[in-house]
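Input: a single structure, listed below in structure tokens.
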Amino acid sequence: MVDRFLARFGDVISVLHSKLSIGERYDQWNRIKEGKSKIVIGARSAIFAPIEKLGIIIIDEEHDSSYKSDMSPRFNSKEIAKYLAKQNDIPLVLGSATPDIGTYEQAKNDKIELITLTKRANKSSLPNVEIVDLRQELANRK
């Protein structure tokens, strides 16, 4: 994913994740703080990046429990993102093929907007889906 962003947007991207060395993390942080990075891609701690003018926050695979940090200091990146989006009056996009049940309920109750994608970005076909009634499966085993 990062490679696709780099190919499209070039060197205006900073990437923040735990595999960076302290020096690499420092360099990326400074690029962001100096306004050289217009796009920041990263793990949950990237929500704390010193971005001067936020335009949009996108949380991909929003259902993933890894957005909550159980180590001290404890934080929930999704909740921080909601706060930052509201404070900056910008959109927050929570993306997922299998959304968090709370997020899905908010969308169904019109508390947040639900946008459904009907096609894949790379035009590949959607997988075949079969619904199986497990009650029937269990009855056949008896």
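The values are calculated or read from the model by the stated rules, or taken from the named source; none is laboratory data. Here the structure is a predicted model, which is why all the values come from computation and not from measurement. Backbone-built Cβ (ideal geometry, glycine too); neighbour counts: all protein chains shown.
In segment 86-142, the qualifying residues are those that are out of contact with any Asp or Glu (no Cβ under 9 Å at 6 or more places or on another chain) and among the small types (Gly, Ala, Ser), and the one that is modelled with the highest pLDDT is 102. What do you reckon, is residue 96 surrounded by fewer than 13 Cβ atoms within 10 Å (Cβ to Cβ), under 30 Å from residue 12 (Cβ atoms) and outside the structural domain of residue 8 (by TED's automatic domain parsing)? Criteria not met by residue 96. Note on segment 48-76: residues that are in contact with a Pro (Cβ under 9 Å, 6 or more places away or on another chain) and not in a loop (DSSP other than H, G, I, E, B) total 2. When the criteria are applied in full, residue 85 fails the requirement of being farther than 30 Å from residue 119 by Cβ and hydrophobic (A, V, I, L, M, F, W, C).
A quick yes/no check of all residues on (1) touching a Gly at 6+ places or on another chain (Cβ under 9 Å); (2) assigned to a helix (DSSP H, G or I):
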| site | (1), (2) |
| --- | --- |
| 4 | no, yes |
| 11 | no, yes |
| 15 | yes, no |
| 25 | no, yes |
| 29 | no, yes |
| 32 | no, yes |
| 35 | no, no |
| 40 | no, no |
| 46 | no, yes |
